[in-house]
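Quick one: the structure is below, questions incoming.
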Amino acid sequence: MEAIKIEILNPKAFQLIEGMQDLNLIRITEEPETKLKSYLKKMRKNAAKVPDLDEITEIVEEVRTKRYAKK
């Protein structure tokens, strides 16, 4: 069995996929949300401004620099 991830752009395509599932050609399973993903979603919902990836990377690098400079 092979698993792939598909991003559906058109809602009509989902109807086709459900039809294939009804014919037992494929199985649709939801990917469980990780704890980190759910935490980030919760924090972003309450935040006034959501940081982008570059800002997050910059903060992480600052923390790492401080942490490893002590040793």
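The values are calculated or read from the model by the stated rules, or taken from the named source; none is laboratory data. The structure displayed is predicted, hence computed values, not measured ones. For neighbour counting, all protein chains shown are included, and Cβ atoms are generated from backbone atoms with ideal geometry for every residue, glycine included.
Take the residues in segment 16-46 that are out of contact with any helix residue (DSSP H, G or I) (no Cβ under 9 Å at 6 or more places or on another chain) and among the acidic types (D, E), then tell me which one is farthest from K5 (Cα to Cα).
D22
So, one more: Which number in (1) among the aliphatic types (A, V, I, L, M); (2) exposed (fewer than 10 other Cβ atoms within 10 Å of the Cβ); (3) part of a loop (DSSP other than H, G, I, E, B) marks the one condition that I8 misses?
(2)
Testing K49 on (1) more than 18 Å from the chain's Cα centre (by Cα); (2) closer than 23 Å to M1 by Cβ, one condition comes back false. Which one is that?
Unmet for K49, out of (1) more than 18 Å from the chain's Cα centre (by Cα); (2) closer than 23 Å to M1 by Cβ: (2).
I need the full set of residues from segment 16-58 which are part of a helix (DSSP H, G or I), exposed (fewer than 10 other Cβ atoms within 10 Å of the Cβ) and at pLDDT 90 or above, in order please.
Hit for segment 16-58 is D22, nothing else.
A further question on this structure: Could you please let me know if K37 is within 18 Å of the chain's Cα centre (by Cα) and not aliphatic (A, V, I, L, M)?
Taking the combined requirement at face value, the residue satisfies it.
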